[in-house]
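The values are calculated or read from the model by the stated rules, or taken from the named source; none is laboratory data. It should be emphasised that the depicted structure is a prediction, and the values quoted were computed from it without experimental measurement. Cβ sites come from the backbone with ideal geometry, for glycine too, and all protein chains shown count toward neighbours. Accessible surface areas use protein heavy atoms only, side chains included; no ligands, DNA or RNA. Shrake-Rupley method; radii C 1.70, N 1.55, O 1.52, S 1.80 Å.
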Amino acid sequence: MLIHAGAGGVGHVAVQLARAYRAKVFATVSPDKKNIAESCGATPIDYRSSSVEEYVAKMTTGKGFDIVFDTVGGATLDSSFGAVKRYTGHVVSCLGWGTHSLAPLSMRGATYSGVFTLLPLITGEGRAHHGEILAHIATLVEAGKLKPLLNDHLIPMVDIASAHALVESGAVGKVVVELGS
């Protein structure tokens, strides 16, 4: 499995979930976030120094990944279509925004799914199922198989502007805002 931005807010959780199900996981990351991907159980791929063709050749002997999870969208989703295995590969994206040519995916005989996680909250459909998913995830957390990456700073609610500034600066990990005093 390939997870794009495997050290990001969604990506590092996706890596851990895939590992909890015993998947062999690769993650595209910038060089400064290599250790995050490794600590979550993924083999890091420096997307800045390797082309899609290069890392597909190296990591899958040119066959492509069984599953590619895109957490970035845009050009990264487009490159996912060339990184997936022929005939049986599947690309999943939680950010499928933009204009994409599906021809590279079609030429591989692979499939694509877009995931809109807020749909149950908006429509009310599937809420019970999502509750079951969250309950299962809680068991993974309790077993130590899923740990969120938190930023070192704990920001009081009265200083919410600092929390926004920290996120905008590209802070590593989820920024935690303390609601009570």
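Annotations for the structure displayed:
- When we screen 79, 93, 113 for residues that are of a type in the set (Ser, Thr, Tyr) and either touching an Asp or Glu at 6+ places or on another chain (Cβ under 8 Å) or at pLDDT below 90 (or both), the only hit is 93.
- Lone qualifier among 51, 39 - being small (Gly, Ala, Ser), without any contact (Cβ under 8 Å) to a residue 12 or more places away in the chain and closer than 16 Å to residue 149 by Cα: 39
- Of all residues in the stretch 1-54, those being open to solvent by 70 Å² or more (accessible area, probe 1.4 Å), under 27 Å from residue 116 (Cβ atoms) and not in a loop (DSSP other than H, G, I, E, B) number 1.
- The stretch 165-180 - residue that is farther than 14 Å from residue 149 by Cα and part of a strand (DSSP E or B) and, of those, least open to solvent (accessible area, probe 1.4 Å): 177
- Given (1) surrounded by 13 or more Cβ atoms within 10 Å (Cβ to Cβ); (2) farther than 18 Å from residue 11 by Cα; (3) at pLDDT 95 or above, number of the condition residue 66 does not satisfy: (2)
- Odd one out for residue 140 among (1) open to solvent by 30 Å² or more (accessible area, probe 1.4 Å); (2) not in a strand (DSSP E or B): (1)
- Every residue from the stretch 97-122 that is of a type in the set (Gly, Ala, Ser), open to solvent by 30 Å² or more (accessible area, probe 1.4 Å) and within 20 Å of the chain's Cα centre (by Cα): 98, 113, 114
- Applying the condition of being without any contact (Cβ under 8 Å) to a residue 60 or more places away in the chain and in a helix (DSSP H, G or I) to the stretch 80-93 and asking which residue is surrounded by the most Cβ atoms within 10 Å (Cβ to Cβ) yields 81.
- Contacts under 6 angstrom Cβ, first residue in the stretch 143-166 being over 30 Å from residue 21 (Cβ atoms), partner surrounded by 13 or more Cβ atoms within 10 Å (Cβ to Cβ) and of a type in the set (Ser, Thr, Tyr), 6 or more apart: 155/162
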